[in-house]
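**Student:** Okay, handing you the structure first.
The values are calculated or read from the model by the stated rules, or taken from the named source; none is laboratory data. Please read these numbers as outputs of a predicted model, since none were measured by experiment. Here the Cβ is made from the backbone with ideal geometry for all residues, glycine too, and neighbour counts use every protein chain on show.
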Amino acid sequence: MGARPYHPLDRSIGLASRARRRLLELSQEEVADAMRLLGHPTWTRATVSEVERGGRTVGVSELVGLANALHASPRDLCPEVAYDGGSVA
């Protein structure tokens, strides 16, 4: 069994969070430290790396925490997602 393919949304969030982290000149360890302080005790430098590569899906509470850690809003870390108005039934 191979690794699951990266989802485009995960990849986009990862790229945006990496760009923001670099803009702020933060290390992955500093972001992980902030995430732990924000209530995500399992986050490590490796977790940040995996998220930035798009290899880990970020839950809603993690997205909010990551945005706070990066002094951004969750929207800043999410790409524009097209919505065609259709139902999801």
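**Student:** Could we say that SER12 is of a type in the set (Gly, Ala, Ser), surrounded by 11 or more Cβ atoms within 10 Å (Cβ to Cβ), at pLDDT below 95 and at negative phi here? Talk me through it step by step, then tell me what you get.
**Tutor:** Details: of a type in the set (Gly, Ala, Ser): yes; surrounded by 11 or more Cβ atoms within 10 Å (Cβ to Cβ): yes; at pLDDT below 95: yes; at negative phi: yes.
When the stated conditions are applied, SER12 passes them.
**Student:** Moving on to the next point. For GLU30, only one of the following conditions fails: (1) at pLDDT below 95; (2) acidic (Asp, Glu); (3) surrounded by 15 or more Cβ atoms within 10 Å (Cβ to Cβ). What is its number?
**Tutor:** All conditions pass for GLU30, except number (1).
**Student:** Name, by its number, the condition in (1) surrounded by 16 or more Cβ atoms within 10 Å (Cβ to Cβ); (2) at pLDDT below 95; (3) of a type outside the set (D, E, K, R) that does not hold for ALA72.
**Tutor:** Status for ALA72: all satisfied but (2).
**Student:** If you take the residues in segment 32-82 that are part of a loop (DSSP other than H, G, I, E, B) and among the small types (Gly, Ala, Ser), which one is farthest from the chain's Cα centre (by Cα)?
**Tutor:** Within segment 32-82, the subset part of a loop (DSSP other than H, G, I, E, B) is 38-44, 54-59, 70-73, 78-82.
Adding the requirement that they be among the small types (Gly, Ala, Ser) leaves 39, 54-55, 59, 72-73, 82.
Values: GLY39: 15, GLY54: 8, GLY55: 10, GLY59: 9, ALA72: 12, SER73: 12, ALA82: 19 Å.
Within segment 32-82, the match that is farthest from the chain's Cα centre (by Cα) is ALA82.
**Student:** Any idea which of (1) within 15 Å of PRO79 (Cα to Cα); (2) over 10 Å from the mean Cα position of the chain (by Cα); (3) at pLDDT below 95 is the one ALA19 doesn't satisfy?
**Tutor:** Of everything listed in (1) within 15 Å of PRO79 (Cα to Cα); (2) over 10 Å from the mean Cα position of the chain (by Cα); (3) at pLDDT below 95, ALA19 misses just condition (3).
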